[in-house]
Every structure is written in C-alpha cells, then in structure tokens.
Amino acid sequence: MQTLKNFINGQFTDPLSKRWLDVENPARGRIYAQCPNSDAADISLAVEAARRSFPAWKALGEDKRAAYLLKVADILEKRMDEFAEAESRDQGKPVSLARSMDISRATANFRFFATRLQHTEEKAFKSSEHVLHYTERSPLGVVGLITPWNLPLYLLTWKIAPAIAFGNTVVCKPSEITPLTAFMLCDVLNEAGLPPGVVNMVFGDGPSAGQALVEHKNVRAISFTGGTKTGAHLATTAAPLFKKLSLELGGKNPNIIFEDADLATAVQVSVRSSFLNQGEICLCGSRIYVQKSVYEKFLEGFVEQTKKFKVGDPSHSETRMGALVSASHLAKVDSYVKLAVADGGRILCGGKRARLEGECAHGYFYEPTILVNVPHHSRAIQEEIFGPVVTVTPFETEAEAIALANEPEYGLSASLWTENLSRAHRVARAVEAGIVWVNGWLLRDLRVPFGGMKASGLGREGGDWSHEFYTETKDICIQLRHS
Ligand code: NAD
C-alpha cells in the first residue's frame, strides 16, 4: 500500500489533520494507496510557505523562471512511461492514451508557458506630447489551483505552469480521487531544483481542503476546473473576498452533422469525440444532431464503429476505452441511461456495465452507449453525464439544429460538420459555446482562449488569457518635463 504525502515548502509531510483517504485503482476495483485528507491547518502551512517564497520567485526574473519550467518539462518527458502508467492506474484510462494525451500535454504545458513568458508585451498610450501611460503586469502572489479527476496531471499543469511562469507561487488541491501523478510531480519539481515553496501540493477532499484554500485570506486568486455545482459554490465563497476567479466547468457539447458533411470522417471522429477517455472529457460531444436526410446512414456507420471501440484492460495496447473512475461514477452513468430509456429512449448499443475477466473482473467498465429517440427535455439530454453515453437526434433545418444545440444550460464546446463555408461561419457564430470546431474535434493550441459560456464557466485561460488571469495590471502615468 502506497502512502502519499503533502508537499509543503519542498518537503513531503504527513497531514496535520492526521486523516487519510483511500485511493482506488478503478480498473481493478482495488484500493492501492492512501492520500492525506488535509484540513485548514495544512492549507495554512502551505499558503504560508507560498507567501514566503513569493518575493524571491517574483524577483528571479523571466529567464530564470523559464529555465526551471523547461527543466521540469525535460524530467517529465524522461519519466513519461512511469507517469503514464501511474495516471492509468489512478484514473482508469488506457496507458497508451495517458502517454499520448495526458503526460505529453503536461510536458507541453511547462514548455509552452516557459517560452510564452519570454514573449510578453506591455501597452503604452501617449495622451499628449507630455503625458505617457504604460501598463505594467505583475504577479498576484499566492494562487490556489483546484483540479478534477478526469485529466489529472494535464489540467493541474495547465494551471501550475502559467501561474508560476508569470511569477506567482501556488497551493494546489488536486482531486482526491486521482492524486497520484500530482504527488509524483513534486519529486520532479525537487529534481529540477525549483525553490521550496513555489509549488505546494495539499491533498484532501473538497469540503475540508478545497474549501479552506478558497477561504484563505492570503490566497489572491483561485483557478478551478470541475463541476458546475462546485463552481457555483466556490463563487459564493470567493466573490465577497474579491478573489480573482477562473471557473472551467461542465459541458454537454453538441456535435452537429449537416447533410453535406464528409460523413465517413464525421462518423470516425464522432466515435472518438463520444468515447475517448471513457467519455470523461469536458469537451466530449455527448449530444449528436444529424440532418434527417443522412440520419440513418450516419447511425449505421456510427453504431458499427462504436462496437469496434474496444473496452479492456487499460494496460493493454489495443484497449481504446478503460474503466470509469469509480463505482459511484459508474452508478451515476448507468442511472442516466436508465432514465433515458424510461423517458422513451432506445439503446442501439451498450447500455450496461462491461464485464472483463482476470485482473479486471472487479473494474468499473461500461460499454460505449448510443441512445436514440430520447425526448429533448429528458435530463439525459439536458444534464452532463460525463461518461461513454451519447444521444443521437435528427433535425431538419439549420435553425432547428442551432435551437437544439443551445437549449441546455451549458456552453463549453461544439463541433460542426459541413462542407459549406458560409454555413460553417454562420452556425459557429450562432452556437453558444466557448470553442467551436468545424470538421474536427479536440484540435488544441495552447495560445487560443479556452473556456465556456453560460453554466460552463467564467473567464478564459491559455496564452494571453492565462497571462491576463495570473497577473494584475497597473497603469503608470508619467508627466514628462517640457524642457
Ligand atoms: P468536482 O467539482 O466534484 O471536483 C473538482 C475539484 O473541486 C476537486 O478537487 C474537489 O475536491 C474540489 N472541490 C469539491 N468541493 C469543493 C469545495 N467546496 N471547495 C473547494 N474545492 C472543492 O468535479 P469532478 O467530479 O472532480 O470533475 C468532473 C467535472 O469537471 C465535470 O463536470 C467536468 O465537465 C468538469 N471539467 C471541466 C473542464 C473544463 O475545462 N471546463 C475540464 C475537465 C473537467
């Protein structure tokens, strides 16, 4: 049994709370580690360490901070296989996916913000010949970073890298369900020689550790990725304390396929956008809308290819879909499928727990599931399931597709499939989503704004937007001498 520890001021320590949580391998249905369930006292220690290290880290300057980030990326890359295996064990996803997506992206996050840091610019305004304004961005101080379980290291480093690159120090509260790679990252940070206290990791659940971090008076900003309900709760705590807040929340993303689409590609990509990472990606396209004239043809190909999307042991190279993250999440996913059927929906494939043999006999596997005939008001269409379940709904006109796409409270991402350029522009503009892909899915570029509309979040991160979030802007105005 592995025992994880908090990482405060460069030291691994037991929680002051003396409380621990079980950590499970969801593909085996077996507890394999314990992680701290920290409380406000542990958070206070970490915030104090971050506060002490802030002035020197800020003063270090951009080049030296960038060098640390690049070193972290190099070490992570060298330990790629070890991290991928750990992420898979902790989260349930295929090892191959953890390598190609999660850990590769974690490495890229450090590299990107190390170099992005060296391309920052300020603005200047000349009010008159004798009055010059210029902006100066400075780091905020201690920033709190709270992350979910679906892309554990990927999302954690998406926050750590920009926060420390721009000169802040951080206290992280990773998901208590998937703490392993966050714990391993601390070792990498020490190996890279990062000064103690720049990154602190405090493990624990939301109500004790997370809440204490949001409430702490010396934490200047919170960057949160997680569920919409948790985000709303966080906002009520953080807003009266005037903390900067970035909220990356849930999604229920539409995938709209018009009759003029390249159908073969739309089918192939829709299988990935529905079921990659067991459907546990906030950007998964869980509501598919297909124009009536190609509805049957799409369904035929989609069902056929979904049946080939192999559920299996995450450590096997041919596995495309691993285990859901926990027994309770599996029960939640299954309950939505039952609800859809009770509302009149029909299962075209999947719809039940997948039973594996051998080592994975007790794992939380679920078959990739396609539902049709689900009424649009059903909670299975309106609410986020966050699992390998998609609904497919026909539409007749462009206006109808837009109305259906915009109906749920979410607005994170959307995919459109059409060969008509004017339609692509028109619909992309009309769909309420922070990210719209045309003829593709999950094409990410770390420079572009990332975030959601409506109940999918508040603010944007990535490139300039992360710079904006993790810094404070000052206007400095100089009255120049006349002679
Ligand atoms: P969650 O909201 O339950 O937990 C997220 C994090 O918040 C965890 O670390 C948790 O411990 C912490 N937390 C819980 N209560 C808290 C509180 N009162 N104060 C402070 N912290 C608290 O979400 P989850 O189940 O871990 O993750 C799944 C959700 O995340 C889905 O809704 C998914 O769409 C969303 N998500 C969004 C994005 C995005 O970029 N928009 C990316 C990934 C996941």
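Collect the residues in region 210-228 that are more than 7 Å from the ligand (Cβ to nearest atom) and either farther than 17 Å from residue 44 by Cα or among the small types (Gly, Ala, Ser) (or both), keeping them in residue-number order. Give the steps one after another, and end with the answer.
Here is the first cut: in region 210-228, the ones more than 7 Å from the ligand (Cβ to nearest atom) are 212, 215-223.
Answer for region 210-228, where residues must be more than 7 Å from the ligand (Cβ to nearest atom) and either farther than 17 Å from residue 44 by Cα or among the small types (Gly, Ala, Ser) (or both): 212, 221, 223.
Is it true that some residue in region 80-92 is at pLDDT 95 or above and either over 21 Å from residue 4 (Cα atoms) or outside the structural domain of residue 31 (by TED's automatic domain parsing) (or both)?
No; the residues of region 80-92 include none that is at pLDDT 95 or above and either over 21 Å from residue 4 (Cα atoms) or outside the structural domain of residue 31 (by TED's automatic domain parsing) (or both).
Condition test on residue 99, is it open to solvent by 10 Å² or more (accessible area, probe 1.4 Å) and under 22 Å from residue 324 (Cα atoms)? Lay out the reasoning, then the answer.
Details: open to solvent by 10 Å² or more (accessible area, probe 1.4 Å): yes; under 22 Å from residue 324 (Cα atoms): yes.
Considered against the rule, which asks whether it is open to solvent by 10 Å² or more (accessible area, probe 1.4 Å) and under 22 Å from residue 324 (Cα atoms), residue 99 comes out as yes.
Residue under question is residue 16, and the condition is that it be touching a helix residue (DSSP H, G or I) at 6+ places or on another chain (Cβ under 8 Å), open to solvent by 30 Å² or more (accessible area, probe 1.4 Å) and part of a loop (DSSP other than H, G, I, E, B); does it hold?
Numbers: touching a helix residue (DSSP H, G or I) at 6+ places or on another chain (Cβ under 8 Å): yes; open to solvent by 30 Å² or more (accessible area, probe 1.4 Å): yes; part of a loop (DSSP other than H, G, I, E, B): yes.
So residue 16 fits the description; yes.
Look at region 258-277 and say how many of its residues are away from the ligand (no atom under 14 Å from the Cβ) and either under 19 Å from the mean Cα position of the chain (by Cα) or not assigned by TED's automatic domain parsing to the domain that holds residue 293 (or both).
Kept after step one, since they are away from the ligand (no atom under 14 Å from the Cβ), are these residues of region 258-277: 258-275.
Now narrow it down to the ones that are either under 19 Å from the mean Cα position of the chain (by Cα) or not assigned by TED's automatic domain parsing to the domain that holds residue 293 (or both): 272-275.
Residues in region 258-277 being away from the ligand (no atom under 14 Å from the Cβ) and either under 19 Å from the mean Cα position of the chain (by Cα) or not assigned by TED's automatic domain parsing to the domain that holds residue 293 (or both): 4 in total.
Take residue 160 and tell me if it is open to solvent by less than 20 Å² (accessible area, probe 1.4 Å), away from the ligand (no atom under 13 Å from the Cβ), under 30 Å from residue 385 (Cα atoms) and assigned by TED's automatic domain parsing to the domain that holds residue 81.
Working: open to solvent by less than 20 Å² (accessible area, probe 1.4 Å): yes; away from the ligand (no atom under 13 Å from the Cβ): yes; under 30 Å from residue 385 (Cα atoms): yes; assigned by TED's automatic domain parsing to the domain that holds residue 81: yes.
Criteria met by residue 160.
So how many residues does region 55-70 have that are outside any helix (DSSP H, G or I) and either open to solvent by less than 10 Å² (accessible area, probe 1.4 Å) or not small (Gly, Ala, Ser) (or both)?
Initial filter on region 55-70 (outside any helix (DSSP H, G or I)): 60-61.
With either open to solvent by less than 10 Å² (accessible area, probe 1.4 Å) or not small (Gly, Ala, Ser) (or both) added as a condition, the list becomes 60.
Looking only at that region, the number is 1.
What number goes with the only condition from (1) touching a Cys at 6+ places or on another chain (Cβ under 9 Å); (2) without any contact (Cβ under 8 Å) to a residue 60 or more places away in the chain; (3) open to solvent by less than 30 Å² (accessible area, probe 1.4 Å) that residue 73 does not pass?
Unmet for residue 73, out of (1) touching a Cys at 6+ places or on another chain (Cβ under 9 Å); (2) without any contact (Cβ under 8 Å) to a residue 60 or more places away in the chain; (3) open to solvent by less than 30 Å² (accessible area, probe 1.4 Å): (1).
Scan the strands (runs of 3 or more DSSP E) fully inside region 86-176 and keep the ones with 3 or more residues being farther than 26 Å from residue 282 by Cβ.
Working: elements: 124-128, 131-139, 142-146, 169-173.
Filter on region 86-176 gives 124-128, 131-139.
Quick one: is residue 180 within 18 Å of the chain's Cα centre (by Cα) and not polar (S, T, N, Q)?
For residue 180, the condition - within 18 Å of the chain's Cα centre (by Cα) and not polar (S, T, N, Q) - is met.
List the pairs whose first member sits in region 230-255 and is open to solvent by 10 Å² or more (accessible area, probe 1.4 Å) and more than 9 Å from the ligand (Cβ to nearest atom), whose second member is in a helix (DSSP H, G or I) and of a type in the set (Ser, Thr, Tyr), and whose Cβ atoms are under 9 Å apart, counting only residues at least 6 apart or on separate chains?
243/237
The values are calculated or read from the model by the stated rules, or taken from the named source; none is laboratory data. If you're wondering where the values come from, they're calculated on a predicted model, not measured in any experiment. FYI the Cβ positions are ideal-geometry reconstructions off the backbone, even for glycines, and counts take in every protein chain you see. The protein model used for the area step is the full one, side chains on, heavy atoms only, and it has no ligands, DNA or RNA in it. Shrake-Rupley method; radii C 1.70, N 1.55, O 1.52, S 1.80 Å.
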